[in-house]
Amino acid sequence: MATQKMKFYIATILNPQNDKECDFYTNGLLAVEGTKIKDVLPLEKGVKKYGAKMNKRNTTDFGHAVIMPGFFDMHFHWVQDDVREMPKDSLLEWLEKYTFPTEMKFADKAYAKKRAELFFQKLVRHGTLGGACYSSIHEHAVDAAMKKAKGHFVIGNVIMNMNSPEALTQSEESSLKLTQKLIKKFGKKHCFTPRFAITTTPKVMKEGSKMADKAKCFKQTHLSETPAEIDFVLSIYRNLPGFEKVKSYTEIYEKTGMLGERSLMGHGIHLSSKELQTLSKTKTSVVHCPTSNAPIEEKGLGSGLFNFKQVEKSKVRWALGSDIGGGPFLSMFDVMRSFVDQHKKKEATFVKALYRSTLAGAEILGQGKATGNLNKGKEASFIVVPLPKDSNPKGAEALLSDLITPHRKDRHGYEGLVKDVYFCGKALSK
């Protein structure tokens, strides 16, 4: 077998390991062999080890910049890009007024194809290389997203069988047939995606969950985002056979087979201790979306504050997501900022936010051994972000603060932070 050519990248390096640890090299060297990371170490040691192999053709010095892993956005709706900055007085009203009419447009195949190309180019520009994505109800919209997404994504068509606009309502039979078809077409990249219990019948969730479990596909939906949503869900289900005595939103998903090791619950803000115990017991993950849950004046839905301390105490796995379009901006830097701003009193840090935006998501998707950070042997998937001119940080927390805090007041500034994006050793066109 021919030896793969090596490439070397010089910059400050951030390599998250967990909530508290993040490797930091002021002058670092990332050595890449083919599609994999060969080494990551201080530049001085790197030159001693690889100096004989380094030359102008295979070495890139990014200068005053930082190399870090690409992001995993674990909850977003690619078809909601146009409504992410629309007024949000309440979740259910925002869905009815803006989101559903926008998603109806994706019935047009040409429109869906064009929007997918634009959206996933934009996602690369923001440095997101993995995550869990909601599409519209339409098969061709899923096809378009799968074709254009660059990175490790699971994607599913939202399923809507009841309490939905006529143009977005599917029959139970068509939902299940399409689920089977998409699993056959995309395998484990397909994600079984009931929009939420309000719009999806128990039969479809039960039978679709069985299909997904058999194929070892992921499942995703929304859980306990707002008190009004919870009340509405319970009022519906307590009038359905077999659900008359359900005590919680989580119990509905438990009874329909939606929980499990490959299940992702978006939001999970208003959960009781018993519900958290159920999520922990079933190894279900929660995705926290701080920019979407933020107050209305911050362009969020004002859904409430996620109690990550209680979630961790209950041993429930969790990661961060943008929730585009409930969240107003695609950048995970903005999501990290929002997480830290909302949870300062609970000792939230940028290092924790970086881990929950990268490796934590990869681990939940079963990709933690292959990607998510810059450890030796993993995929050479990373982003390059120029540092502010006056930045001379002494550690990972200070560096992330230097990158993120200057854009607190003008959040559009996060959109231009990422200079270069590499996936499996190859530079991606932005």
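The values are calculated or read from the model by the stated rules, or taken from the named source; none is laboratory data. No experiment lies behind these values; they were computed from the predicted model shown. Because the Cβ atoms are built from the backbone with ideal geometry, glycine has one as well, and the counts that use them run over all protein chains shown. Note: accessible area is taken over every heavy atom of the protein model, side chains too, but ligands, DNA and RNA are not part of it. Shrake-Rupley method; radii C 1.70, N 1.55, O 1.52, S 1.80 Å.
Set side by side, the residues Leu365, Leu399 differ, and just one is closer than 22 Å to Leu41 by Cα and not hydroxyl-bearing (Ser, Thr, Tyr), which is Leu399.
Taking the criterion of being touching a helix residue (DSSP H, G or I) at 6+ places or on another chain (Cβ under 7 Å), of a type outside the set (Gly, Ala, Ser) and open to solvent by less than 10 Å² (accessible area, probe 1.4 Å), the only residue of the stretch 351-367 that qualifies is Leu354. State which residue is nearest to Lys122 (Cα to Cα) when the search covers only the stretch 376-430 and only residues that are buried (at least 16 other Cβ atoms within 10 Å of the Cβ) and among the charged types (D, E, K, R). Out of the qualifying residues, it is Glu415. Across the stretch 239-255, the number of residues qualifying as open to solvent by 80 Å² or more (accessible area, probe 1.4 Å) and assigned to a loop (DSSP other than H, G, I, E, B) comes to 5.
Residue-wise test of (1) in contact (Cβ under 8 Å) with a residue 24 or more places away in the chain; (2) among the acidic types (Asp, Glu); (3) in contact with a strand residue (DSSP E or B) (Cβ under 8 Å, 6 or more places away or on another chain).
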{"residue": "Lys346", "(1), (2), (3)": "yes, no, no"}
{"residue": "Phe350", "(1), (2), (3)": "yes, no, no"}
{"residue": "Leu354", "(1), (2), (3)": "yes, no, yes"}
{"residue": "Leu359", "(1), (2), (3)": "yes, no, yes"}
{"residue": "Ile364", "(1), (2), (3)": "yes, no, yes"}
{"residue": "Gly368", "(1), (2), (3)": "no, no, no"}
{"residue": "Asn375", "(1), (2), (3)": "yes, no, yes"}
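Each residue in the stretch 216-236 was checked for being open to solvent by 50 Å² or more (accessible area, probe 1.4 Å), touching a residue at least 40 places away in the same chain (Cβ under 8 Å) and farther than 17 Å from Ile155 by Cβ, and 3 of them qualify. Quick check on Ala228: is it in a helix (DSSP H, G or I) and touching a Phe, Trp or Tyr at 6+ places or on another chain (Cβ under 9 Å)? For Ala228, the condition - in a helix (DSSP H, G or I) and touching a Phe, Trp or Tyr at 6+ places or on another chain (Cβ under 9 Å) - is not met. All but one of (1) surrounded by 17 or more Cβ atoms within 10 Å (Cβ to Cβ); (2) within 21 Å of the chain's Cα centre (by Cα); (3) over 29 Å from Ala294 (Cα atoms) hold for Ala370; which doesn't? Among (1) surrounded by 17 or more Cβ atoms within 10 Å (Cβ to Cβ); (2) within 21 Å of the chain's Cα centre (by Cα); (3) over 29 Å from Ala294 (Cα atoms), Ala370 violates only (1). At least 3 residues being without any contact (Cβ under 8 Å) to a residue 12 or more places away in the chain is the threshold, and among the helices (runs of 4 or more DSSP H) wholly inside the stretch 124-215 those reaching it are 172-186.
Can you find even one residue in the stretch 126-136 that is open to solvent by 20 Å² or more (accessible area, probe 1.4 Å) and of a type outside the set (S, T, N, Q)?
Applying the first criterion (open to solvent by 20 Å² or more (accessible area, probe 1.4 Å)) to the stretch 126-136 yields none.
The answer is no; no qualifying residue exists.
One line per residue, one yes/no per condition, for (1) touching a helix residue (DSSP H, G or I) at 6+ places or on another chain (Cβ under 7 Å); (2) over 19 Å from Asn375 (Cα atoms):
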residue	(1), (2)
Tyr9	no, no
Ile13	no, no
Lys45	no, no
Gly63	no, yes
Val66	yes, no
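Yes or no: the stretch 131-140 includes at least one residue that is at pLDDT below 95 and among the hydroxyl-bearing types (Ser, Thr, Tyr). Checked against the condition, which is being at pLDDT below 95 and among the hydroxyl-bearing types (Ser, Thr, Tyr), the stretch 131-140 yields no hits at all.
Just for helices (runs of 4 or more DSSP H) wholly inside the stretch 256-339: which have at least 1 residues that are open to solvent by 10 Å² or more (accessible area, probe 1.4 Å)?
It comes to 273-281, 308-313.
The residue of the stretch 395-430 that is farthest from the chain's Cα centre (by Cα), among those that are closer than 21 Å to Lys344 by Cβ and basic (Lys, Arg), is Lys409. Is it true that Glu96 is of a type in the set (D, E, K, R), in a helix (DSSP H, G or I) and surrounded by 24 or more Cβ atoms within 10 Å (Cβ to Cβ)? Answer is no for this residue.
Between Met86, Met74, the distinction of being on the phi < 0 side of the Ramachandran plot and surrounded by fewer than 16 Cβ atoms within 10 Å (Cβ to Cβ) belongs to Met86 only.
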